[in-house]
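Here is the structure we will look at.
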Amino acid sequence: MPAWQRQLLCIRLRQSEVNKMQYTRFIALGDSMTEGMSDEMINGKYRGWADRVADVLAKNNPEFTYLNLAIRGKLLKQVVEDQIPVALKYIEGKQTLVSFHAGANDVLRPNYKPELSLPQFERGIKELVDAGATVIIFTVIDKVDGKGRTAELWHYRFGNFNANVRAVADKYPVILFDAKGKEFLNDRRFLAFDRLHMNSEGHKRLANAVLAGLDFPYDSNWQIPLSKVEQKSKLVSFATTSAWILIFILPWIWRRLRGTSSGDGRSAKHFEPIRWPSR
């Protein structure tokens, strides 16, 4: 699976015991994955897995509120320094659920420095835990299809990323959704045309994985692999890949060269607590 959005379907719960709790607030932190790209649009905003989780947490829970501070393209340092201080203002003990997933954008950058990023990740988690929140974090699928230097580099970098996340989960009282052993989710049909972000089916599956781990009602079909389909002809594959490079990869490279991000100038879709569902 070619995309960093496979990062998301992380499901093995690593916590000694999870007691079902009536969460009164859910705060979602991170980048494009948690913002909801490229799920269906509702009122001009991507829905996403976090909104879908909030839908279930809000049922029969009139006091429930929701914040989603995630913004596409954000690096780990930006999430820790910009989003966590806002979240800390709204944490009210264990009944505040906080999801934190950041750092994948860093890993993809040519100048990635794990010796800087990994301590930042732990610092962010420590701040959230010390504030009293119930915190959930994620590993990623660290293997890709194919061979060669690119595949090796992906496995090496994201393998180290995962090792750090697991070490943090062992050190702090958090809930870890672990992608290990769930390679069946490595299916491009869970991705949008950009091959980077989950489509609606991908977001649905991630939401149900999280709900299952939290012991809330979920659709068990999320664990069922999609049926196999016939491979596309070489001509169709070439045309599709060419369009993908032209529409998505070249603009991504151009942003890197200019030092800009897809999230520049954007604000969070729910930057303060709102009653949920809002629609």
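Under 7 Å between Cβ atoms, at least 6 apart or on separate chains: pull out the pairs that start in the stretch 114-132 with a residue that is farther than 10 Å from Lys77 by Cα and end on any residue that is basic (Lys, Arg).
Gly132/Lys94
From the list Asn208, Asn186, pick out the single residue that is buried (at least 21 other Cβ atoms within 10 Å of the Cβ), touching a residue at least 12 places away in the same chain (Cβ under 8 Å), within 22 Å of Asp31 (Cα to Cα) and not hydroxyl-bearing (Ser, Thr, Tyr).
Numbers: Asn186 fails: buried (at least 21 other Cβ atoms within 10 Å of the Cβ).
The match here is Asn208.
Would you please name the residue that is surrounded by the most Cβ atoms within 10 Å (Cβ to Cβ), looking only at residues in the stretch 99-130 that are of a type in the set (Ser, Thr, Tyr) and out of contact with any Leu (no Cβ under 6 Å at 6 or more places or on another chain)?
Initial filter on the stretch 99-130 (of a type in the set (Ser, Thr, Tyr)): 99, 112, 117.
If we keep only those that are out of contact with any Leu (no Cβ under 6 Å at 6 or more places or on another chain) too, we end up with 99, 112.
On the way: Ser99: 24, Tyr112: 17.
My answer is Ser99.
Determine if the stretch 57-67 includes at least one residue that is assigned to a helix (DSSP H, G or I), at pLDDT 90 or above and within 13 Å of the chain's Cα centre (by Cα).
As a first pass, look at the stretch 57-67 and keep what is assigned to a helix (DSSP H, G or I): 57.
Those left that are additionally at pLDDT 90 or above: 57.
Now narrow it down to the ones that are within 13 Å of the chain's Cα centre (by Cα): none.
Looking for residues that are assigned to a helix (DSSP H, G or I), at pLDDT 90 or above and within 13 Å of the chain's Cα centre (by Cα), one finds none in the stretch 57-67, hence no.
Does Asp178 meet the test of being surrounded by 14 or more Cβ atoms within 10 Å (Cβ to Cβ), modelled with pLDDT under 90 and either more than 26 Å from Ile71 (Cβ to Cβ) or of a type in the set (Asp, Glu) (or both)? Even if it seems obvious, please write down each step before you answer.
Values: surrounded by 14 or more Cβ atoms within 10 Å (Cβ to Cβ): yes; modelled with pLDDT under 90: yes; either more than 26 Å from Ile71 (Cβ to Cβ) or of a type in the set (Asp, Glu) (or both): yes.
Criteria met by Asp178.
Can you find a residue that is buried (at least 18 other Cβ atoms within 10 Å of the Cβ), in contact with a Leu (Cβ under 9 Å, 6 or more places away or on another chain) and farther than 29 Å from Asp170 by Cβ anywhere in the stretch 56-65?
Initial filter on the stretch 56-65 (buried (at least 18 other Cβ atoms within 10 Å of the Cβ)): 57-58, 64-65.
Next, from what is left, pick out any that are in contact with a Leu (Cβ under 9 Å, 6 or more places away or on another chain): 57, 64.
With farther than 29 Å from Asp170 by Cβ added as a condition, the list becomes 64.
Within the stretch 56-65 (the criterion being buried (at least 18 other Cβ atoms within 10 Å of the Cβ), in contact with a Leu (Cβ under 9 Å, 6 or more places away or on another chain) and farther than 29 Å from Asp170 by Cβ), the answer is yes, since at least one residue qualifies.
The values are calculated or read from the model by the stated rules, or taken from the named source; none is laboratory data. These figures come from a predicted structure and were not determined experimentally. Note: ideal-geometry Cβ built from the backbone for every residue, glycine included; neighbour counts use all protein chains shown.
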